[in-house]
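> Take a look at the following structure, please.
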Amino acid sequence: MKKKGDILDGIEFSKSYSDRNGQLLQVFLTSDDKYRIYRPLQDYPQAFLDTLLLQEDRFFYTHHGVNFVSVIKAGWETYIKKSRRIGASTITMQVAKLKYGIYTKSIPGKLKQIRKAIYLEMCFSKEDILDAYLNLAPCGGNIEGFESASWYYFNKNIRQLNLSENIMLCVLPQNPIKRAPTPTKTPSELIQARKILFQSWVEKHPEDADKEIFMDMQMSTYCKFPNRCRHFTEMLNLSTDKAISESKRTVKTTLELSLQNKCEEIFNTYLNRNRNFGVKNAAVLMIDWKNMELVANIGSADYYNEDIDGQVNITTSKRSPGSTLKPFIYAMALDKGLIHYRTMLKDTPQTFNEYTPDNYGSIFKGPVQAWFALADSRNIPAITLDRDLKDYSLYNFMKDSGVAGMQDKDYYGLSIVLGSCEVTMMELVKMYATLANNGLQYEINLTPKAKLGEGKRLLSKEAAFITRKMLEDNTPPYQTKPAEIKDIPVAYKTGTSIGFKDCWSVGIFDRYICAVWIGNADGEGNNSFIGRQMAAPLLFDIAYSVLSDIPEKKLLPKEMHPENCCQIPVCAVSGGLPTEHCQHTELAWFIPGVSPIEKCRIHREIFVDTRSGYRTDERPDENPYVKAIVREFWPSDLQLLFEQAGLPRMTPPSYPPEELRLDFRKQGFPPEILSPMGGTDYIFRLKDQSRNKIMLCAIADADTSELMWFQGDLFIGRSKPGQSIEWTPNPGNYEIIVTDQKGRSDNVYVSIVGTGL
């Protein structure tokens, strides 16, 4: 009974990886500096096996490890007649020599080889022994095994070889030093050995007699292994997936070489075109979000370029993502009912607990609709929403998405919105796949999987859908789009890190998600590294090219919106539900039962006395000189931005100065305290009372001309909207309240601590 086990136990094989179609990408040396690519016996074509046995051991299946007739003949010729050295080794004997490292050029060595060969025949099947020889046969230099030799010499696997190539490999092991070809030379000894073996082959296969002419020809050989996707294959080498790390065979990956080649071609062309802007390094990662398979990976512009730290794999390196994380804030805000597609958000200068963010170019745009705030990467609206998410904000989403190495939440604060928490490109793409997969998160696959399995719900499908629609409305960097793909949307977002060290663009199109990074691996900044200007064009070059190559029948069908998601008309100015005073409406994506249903507060009907031009509470049916008009009521901070932009809004007329009107309907915008900041501890130095003061400032509705400030029930003073007044309290805990003429109010709680310093 044959022994169970693996005859190749203890022998290390090269880690080798192919694309999804079996095209070899990379082979790594073993620890003993050999290239051994394992391929099991059953995967070898019968024609190759027949050729090999014809060359090496015609009686392999009938002897018991040693052909004693051949051994006696070899001993007579080698040691008695001393005419020539003959080995007489069977395949089993050669396996014994290779497995146990036996020196066979001496009589004791040859006897040991015979003994080990008999032992192998007793313990293992013929198939096990032949399998071992196929994978250990010396084929020149440090190449061992015929699969390795096939890739090294012919750049294809053993099943793709023709008869001439089969014969060449089969005669190599008898004298690999002298017979191994080079790209420019086929040794005469190799040619002669091929001719001899071919004659033996033709005796059994006369139908191949016409191929004899090829046996005299020089061989065309590569003499090198494929060297593709080095960063990707190194990432696989570090994988914790047992199916990858413990595989003896070549690992078939998800990478699609046709897409990889396309990305590399576009990538290299784009970098060459932009070198004058200091663009020296970049990275690209593309996945198929339908099955979460990685299909293309470019870890750097040049793996072997030390000047750009080319060996650093950007796709797995922690980098600042800039604004590319903002879509997830909006998705969560949609889920929490804070916004709908066109909710009006304020892009105005604000301070958040001593954190004062800015926009690119220090430009604030005032009131912006939610979709535009996201597409245009407005910082203040995103930070405000993240603050309003409270217990489950962007930090928690990233944590649940599997972003590794995150610090405590307070470490980042609200700056996490602008990219203070670093992520890898793999992590970023996985988060975008959550949007594509209707709120379900899956892991990225590096090897083909039968099915995705059960995903982890992070967002509702409605919020994921609407967020994608917001990103689809993001203006592309190119005005023109190939006609054949004009109806296929590209939902994308850009990002730029602080100091212009990293610029990003991530896009979802058809079944693909592609992320582009441009920057320097060492973190050196460059003012040209702006996501929308530098990274987005490369993303769209890739997206348009990939989409143009997909046959129309293979494109994904047009997406249908989720059942609990619809479009409703909203005021085009405020984004609120339209009233009879809103003249223009637009459709907005809406989640019934979740999205906010506040009516428009910008357009309001008021009454004006045509004789004086002042506002009045009398109605037209009460006074013929009174008429109803509709005016826009903007908060004071937005009014100021309009004025600064040279687009002042018409302010509603005021009441006569001698009249005091207190309209307690409380419609419109309540005041909003800008200073002091709620929930903040203020430190007062007791030795220097002159500095112990806090400025009180608030913004208010357009119909508010005066604000009243209170410390609890104690009146502090009056101010105009946007105007500051001083408050000089003693140490303690206080509630600060601001009220306008309509009784609308805002309040904050502050704590003042005294110190003797």
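> Within the stretch 256-267, can one find any residue that is at pLDDT 95 or above, of a type in the set (Asp, Glu), more than 26 Å from residue 520 (Cβ to Cβ) and in a strand (DSSP E or B)?
No, the stretch 256-267 contains no residue that is at pLDDT 95 or above, of a type in the set (Asp, Glu), more than 26 Å from residue 520 (Cβ to Cβ) and in a strand (DSSP E or B).
> Which condition from (1) touching a residue at least 24 places away in the same chain (Cβ under 8 Å); (2) part of a helix (DSSP H, G or I) is the one that residue 218 breaks?
The failed condition is (2).
> For the stretch 237-265, how many residues meet the condition of being free of Cβ contacts under 8 Å to residues at least 24 places away in the same chain and under 20 Å from residue 227 (Cβ atoms)?
The qualifying residues number 4.
> Tell me whether the stretch 141-150 contains one or more residues that are free of Cβ contacts under 8 Å to residues at least 24 places away in the same chain, open to solvent by 10 Å² or more (accessible area, probe 1.4 Å) and not acidic (Asp, Glu).
No, that holds for no residue.
> Would you tally the residues in the stretch 685-711 being touching a Pro at 6+ places or on another chain (Cβ under 9 Å) and either of a type in the set (Asp, Glu) or closer than 12 Å to residue 745 by Cβ (or both)?
7
> What tally of residues in the stretch 583-615 results from selecting those that are among the hydroxyl-bearing types (Ser, Thr, Tyr) and either at positive phi or open to solvent by less than 20 Å² (accessible area, probe 1.4 Å) (or both)?
Residues in the stretch 583-615 being among the hydroxyl-bearing types (Ser, Thr, Tyr) and either at positive phi or open to solvent by less than 20 Å² (accessible area, probe 1.4 Å) (or both): 1 in total.
> Something else now. For the stretch 459-503, give me the residue count where each residue is without any contact (Cβ under 8 Å) to a residue 60 or more places away in the chain and closer than 25 Å to residue 318 by Cα.
Residues that pass the stated criteria total 4.
> For residue 209, all conditions in the list (1) closer than 25 Å to residue 22 by Cα; (2) without any contact (Cβ under 8 Å) to a residue 60 or more places away in the chain hold save one; what is the number of the exception?
(1)
> Yes or no: residue 653 under 15 Å from residue 703 (Cα atoms) and either in contact with a Ser or Thr (Cβ under 7 Å, 6 or more places away or on another chain) or touching a residue at least 24 places away in the same chain (Cβ under 8 Å) (or both)?
Answer is yes for this residue.
> Same structure, new question: Quick one: in the stretch 404-419, which of the residues that are under 24 Å from residue 373 (Cβ atoms) and free of Cβ contacts under 8 Å to residues at least 60 places away in the same chain is surrounded by the most Cβ atoms within 10 Å (Cβ to Cβ)?
412
> Which one is least open to solvent (accessible area, probe 1.4 Å) among residues in the stretch 552-582 that are assigned to a loop (DSSP other than H, G, I, E, B) and polar (S, T, N, Q)?
Applying the filter and picking the extreme gives 574.
> Collect the residues in the stretch 301-318 that are of a type outside the set (A, V, I, L, M) and more than 13 Å from residue 515 (Cα to Cα), keeping them in residue-number order.
Within the stretch 301-318, 302, 303, 304, 305, 306, 307, 309, 310, 311, 313, 317, 318 meet the criteria.
> Report every pair of residues separated by at least 6 positions or lying on different chains whose Cβ atoms are under 9 Å apart, first residue within the stretch 549-561 and farther than 17 Å from residue 259 by Cα and of a type outside the set (A, V, I, L, M, F, W, C), second open to solvent by less than 80 Å² (accessible area, probe 1.4 Å) and assigned to a loop (DSSP other than H, G, I, E, B).
559/489
> Here's something else I'd like to know. I need every pair where a residue in the stretch 316-330 that is more than 19 Å from residue 470 (Cα to Cα) and open to solvent by 10 Å² or more (accessible area, probe 1.4 Å) has its Cβ under 7 Å from the Cβ of a residue that is at pLDDT 95 or above and in a strand (DSSP E or B), sequence separation at least 6 or different chains.
So the pair list comes out as 318/423; 319/502; 319/517; 320/502.
The rows are residues; the columns are (1) of a type outside the set (A, V, I, L, M); (2) within 16 Å of the chain's Cα centre (by Cα).
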residue	(1), (2)
420	yes, no
425	no, yes
451	yes, no
461	yes, no
466	no, no
472	yes, no
476	yes, no
483	no, no
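> Let me ask you something else. Return yes when residue 88 is under 60 Å from the mean Cα position of the chain (by Cα), modelled with pLDDT of 65 or more and assigned to a loop (DSSP other than H, G, I, E, B) and no when it is not.
Yes: the conditions hold for residue 88.
> Which residues, taken from the stretch 244-303, are within 30 Å of residue 30 (Cα to Cα) and among the small types (Gly, Ala, Ser)?
Answer for the stretch 244-303, where residues must be within 30 Å of residue 30 (Cα to Cα) and among the small types (Gly, Ala, Ser): 245, 247, 258, 283, 296, 299, 300, 301.
Here's the yes/no breakdown for (1) under 29 Å from residue 97 (Cα atoms); (2) assigned to a helix (DSSP H, G or I); (3) open to solvent by less than 50 Å² (accessible area, probe 1.4 Å):
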position	(1), (2), (3)
198	yes, yes, yes
202	no, yes, yes
208	no, yes, yes
228	no, no, no
236	no, yes, yes
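> Given the structure, is residue 441 over 18 Å from the mean Cα position of the chain (by Cα) and at pLDDT 95 or above?
Taking the combined requirement at face value, the residue does not satisfy it.
> Condition check: within 36 Å of the chain's Cα centre (by Cα), buried (at least 19 other Cβ atoms within 10 Å of the Cβ) and of a type in the set (Lys, Arg). Does residue 20 satisfy that?
Here the answer is no, as residue 20 does not meet what is asked.
The values are calculated or read from the model by the stated rules, or taken from the named source; none is laboratory data. Please read all numbers here as calculations on a predicted model, not as lab measurements. Ideal geometry is used to build each Cβ from the backbone, glycine not excepted, and the neighbour counts take in all protein chains shown. When the accessible area is computed, the model is the full protein with side chains, heavy atoms only, and any ligands, DNA or RNA have been set aside. Shrake-Rupley method; radii C 1.70, N 1.55, O 1.52, S 1.80 Å.
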